[in-house]
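The values are calculated or read from the model by the stated rules, or taken from the named source; none is laboratory data. Bear in mind that the values here come from a model prediction, so they are computed numbers and not experimental data. Cβ placement follows ideal geometry from the backbone for every residue including glycine, while neighbour counts extend to all protein chains displayed. Keep in mind that these areas ignore ligands, DNA and RNA; they rest on the heavy atoms of the full protein, side chains included. Shrake-Rupley method; radii C 1.70, N 1.55, O 1.52, S 1.80 Å.
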Amino acid sequence: MSDSNTIKFDVCIIGTGMAGMASALFAANRGLSTVQVGSTGEIMFASGFLDLLGVHPIEEKRSWDNPWEGIGELCKDIPDHPYARIEEQDVRAAFDEFLSFLQDAGLPYKRRNERNCLVITSLGTLKNTYCVPQTVWNGVEALETKKPCLLVDIRGFKGFSARQIAAALQGVWPDLRTARIFFPETEHMSEVYTEQMARALDSPQKREKLIAVVKPYVKDAQAVGMPAIFGMSRTSEVIADLSEGFGAPVFEIPTMPPSVSGVRLKEAFEERIPDKGVRLLSQGQVLSVHHGTDDYFVLDMGQETKERTIKARGIILASGRFLGKGLHADRKHIRETIFDLPVTQPPDRTLWHRKDFLDSRGHPINRAGLEIDDSFRPLDSTGHPAFKLLFAAGSILAHQDWMRMKCGSGLALATGFAAVQSFVSLCK
Ligand SMILES: Cc1cc2nc3c(=O)[nH]c(=O)nc-3n(C[C@H](O)[C@H](O)[C@H](O)COP(=O)(O)OP(=O)(O)OC[C@H]3O[C@@H](n4cnc5c(N)ncnc54)[C@H](O)[C@@H]3O)c2cc1C
């Protein structure tokens, strides 16, 4: 494709967060010429866990062992939830396709197809999730069997204390020991960072040095947990080498955001998605869009001023919420920022939040978002699709509270899949 001023594509994906990434992959896999635009998004802050459904109803904090059963209940109770517009087989297909891409990109994930798994957080709490990076998996198994385990933290690395995690988990996992080490060649540093250590461990020599430091503490431990630093691009090699060197399977505990796990996802995607033919315009913004007379959308893009114009037959709007900048809250209203689509929201600002910040029902603002039809097309003020080939996916959709329901990535993948399928069938 040439770099002339107005290049034509089948579809433009607006957003490079989880929903945008998934949509771009699904579009490219269906042979659509695809352009994707957006900046980093929330993905940099993500833990790397892929939640499908953890909690419903949120006011009861009911946690689901089988997320598919949970989704069944959720769809009965909240028929406007985006999951209620998607067949279960499509949600499953979305995960299979996305995980297969990550596997090929060198970032394998693991799951128990029909069950959620429990993982340890850096606060020492337990979290229910669906898929975890392979780097975390040995910890899932060790926690299930409560094997004797060593937790290791690192001098100079703030916000991760093995002792604190072990103390918090004492009631559920008594056989935890802890150790604090210097990461090799950082003895002179007052502060160290996960990304720097992870990139260092991509080198076999650095792994050998780390093994020499940790090995004396392992003793009878049958698993070893550390903060997420097991390489950036060679995680499988790092796990294999450390497990062999320590004499016990190793696992990562994701750190506070921004975590290496989110950066890995972003880097794997950005490196591999162009091989699928996707034109990725990262660090770009859609400044304005209009629908041309030739039935193509015309999108002006740039950082702050227009740098290029592209045309696309269809658009998948995966521009996120307030952090992603797909939604904006002014003093009175919540607006959608690109098309000015109607946003379902509480009637006035005083009702955005409940009085108690920790109210178990969550806050109404978190369920604000776009209304869609069954083809995932956002509706205009008359209740009709705003455009024939404009679709929306991810956290911008109304009637979901992904953070409390623990369904962020599942929602992104499933709605991206549904939006792309709808585009394919409607543009025939
Ligand atoms: C701290 C944190 C922890 C998380 N942990 C988990 C977890 O453990 N498990 C889980 O499943 N999910 C987790 N998530 C959520 C998940 O990663 C996704 O962030 C969430 O599902 C929303 O994704 P999204 O793609 O809809 O939006 P976002 O990630 O917000 O992406 C929006 C995108 O739209 C782009 N955009 C907006 N406006 C424009 C414009 N005008 N032009 C071009 N691009 C534009 C932005 O640049 C961005 O790329 C976490 C998120 C956060 C923040």
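Six or more apart or on different chains, Cβ atoms under 7 Å: show the pairs whose first residue is in region 182-200 and in contact (Cβ under 8 Å) with a residue 60 or more places away in the chain and whose second is of a type in the set (A, V, I, L, M) and open to solvent by less than 30 Å² (accessible area, probe 1.4 Å). As it stands, the answer is Thr194/Ala228; Thr194/Ile229; Thr194/Val260; Glu195/Val260; Glu195/Val263; Ala198/Ile229; Ala198/Met232; Ala198/Val260, since those pairs meet every condition given. Evaluation of Gln222 against the conditions (1) among the polar types (S, T, N, Q); (2) more than 21 Å from Thr255 (Cβ to Cβ); (3) loosely packed, with under 15 Cβ neighbours inside 10 Å shows that the sole unmet condition is (3).
Scanning region 391-416 for residues that are out of contact with any Lys or Arg (no Cβ under 6 Å at 6 or more places or on another chain) and part of a strand (DSSP E or B) yields Ala392, Leu397.
Of the residues examined, Gln400 is one that is open to solvent by less than 10 Å² (accessible area, probe 1.4 Å) and either in contact (Cβ under 8 Å) with a residue 60 or more places away in the chain or more than 15 Å from the ligand (Cβ to nearest atom) (or both).
Residues in region 190-216 that are more than 21 Å from Leu107 (Cβ to Cβ), outside any helix (DSSP H, G or I) and either touching a Lys or Arg at 6+ places or on another chain (Cβ under 8 Å) or open to solvent by less than 30 Å² (accessible area, probe 1.4 Å) (or both): 2 in all. For region 41-95, residues that are among the aliphatic types (A, V, I, L, M), under 20 Å from Leu107 (Cβ atoms) and open to solvent by 20 Å² or more (accessible area, probe 1.4 Å) total 3.
Does at least one position in region 61-75 carry a residue that is within 15 Å of the ligand (Cβ to nearest atom), within 17 Å of the chain's Cα centre (by Cα) and of a type in the set (Phe, Trp, Tyr)? No; the residues of region 61-75 include none that is within 15 Å of the ligand (Cβ to nearest atom), within 17 Å of the chain's Cα centre (by Cα) and of a type in the set (Phe, Trp, Tyr). Evaluating Ser282 against the criteria (1) crowded, with 16+ Cβ neighbours inside 10 Å; (2) within 14 Å of the ligand (Cβ to nearest atom); (3) at pLDDT below 90; (4) assigned by TED's automatic domain parsing to the domain that holds Ala27 leaves one unmet condition, (1).
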